1. If I fit a long axis through the Cα atoms of helix 233-242 and take the longest principal axis of the Cα atoms of the chain, what angle between them do I get, 0 to 90°, rounded to 10?
2. When DSSP beta bridges are limited to those with both residues in the stretch 3-205, what percentage is antiparallel, rounded to the nearest 5?
3. Which far-off residues, 5 or more places away or on another chain, put their amide H under 5 Å from the one on Ile34, with H placed in the peptide plane?
4. In whole Å, how far is the Cα centre of the stretch 120-144 from that of the stretch 227-306?
5. Quick one: what Rg and Dmax do you get for the stretch 1-59 from the alpha carbons, in Å?
6. What does the extension gain come out to for His235 and Arg283, with contour length at 0.36 nm per residue minus their alpha carbon separation?
7. Below 8 Å, C-alpha to C-alpha, sequence gap of six or more: please give me the relative contact order for the chain in percent.
8. 222 nm [θ] for the chain, helices only, -39500 (n - 2.57) per DSSP H run of 4+, per residue, to 500?
Amino acid sequence: MGIVDEVACVVIGRNEGARLHRCLEVLSTTGVRIVYVDSGSTDGSLDTARALGVDALALDASRPFTAARARNAGLLRLLSDTPFLPYVQFIDGDCEPVRGWLEAALARLNERPALGAACGRRRERHPEASVWNRILDVEWDTPIGDTRACGGDAMFRVRALTEVGGFDATMIAGEEPELCERLRDAGWSIERLDVEMTLHDAAMTHFGQWWIRAIRSGHACAEAAARVTADDDAHYALRRVVAWGGLLPLVTVASAAPTGGTSLALLAAYPWSAYRVYRKVRRRGRTRRDAAPYALAITLGKFAEFEGVVQAWSARRRGVRRALIEYR
């Protein structure tokens, strides 16, 4: 038994172009079965996949596209032929898998029967290309060991995934933490290994892209909190966004006149918060050049995230579903 017998891959994408070709080309060298699921690409992505001999599936455009829906569809395609598949590796089409990752993840999942998912180290392909890419590279640099959630690139135990009903296909973002919450509630663990997993190509070159991505994060936060009743991670994250991105500036401005401007001192909380983030990143061994823009982005991003929360609340009140929020 080995990766060819125990692992299959689902790659999802939408107009990823050369990034998708690179992803599928590297995966094809492993010998594992690959299913590519496309969400309405107009750049020939389906032809790219088929030219590489990959099983390619186009989602029906009559239903809203989501990454969660694409991953579910890919898994169903795999299970239709191999119903007893032990493990599935999900990879986003803008990522290149690192050679050796599949073997390392498979070994760890076989070692730990209660492990529902394993992820590794995701790096940004070109952190030097822009400050926004560098910020993402810091974001991917997360602690090793048991963790509460993984991202879009991870290897899952199929039994765990199907036991909790897979991804929530209605979520336009933040579907991974929501799934991991259900996995943990069902008794499964998630572990981040100290192994290189994927190279991500954000191609993020300007402020507007980063702002839209932060809006998407806030939208995901509100959606996740709306799906659970317990006072868990999702509600805690939502409260933080609302407090920092909405309530604190509102209270500060509203109190300025009655307090003779004294309330403006509350704004000192933002540089203090940024400094705490900076110190935390530096303790992880990152340089000042990495830590400073990341700390600033995390702090300013709360306002964009709050915008996303408001958009999600508004859409829910009107009974409409928001389309994909894409920063590229």
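1. Approximately 40 degrees, to the nearest ten.
2. Among the beta bridges of the stretch 3-205, antiparallel pairing accounts for roughly 35 percent.
3. Under 5 Å from the amide H of Ile34: Cys9, Asp55.
4. Cα centroid to Cα centroid, the span is 21 Å.
5. 11.2, 39
6. Contour length minus Cα-Cα distance gives 14.5 nm.
7. 17 percent
8. -15000 deg cm²/dmol, from helical runs alone.
The numbers here are math on the coordinates, done by the rules we state, and not lab data. Quantities reported herein were computed from a predicted structural model and do not represent experimental measurements. Ideal geometry is used to build each Cβ from the backbone, glycine not excepted, and the neighbour counts take in all protein chains shown.
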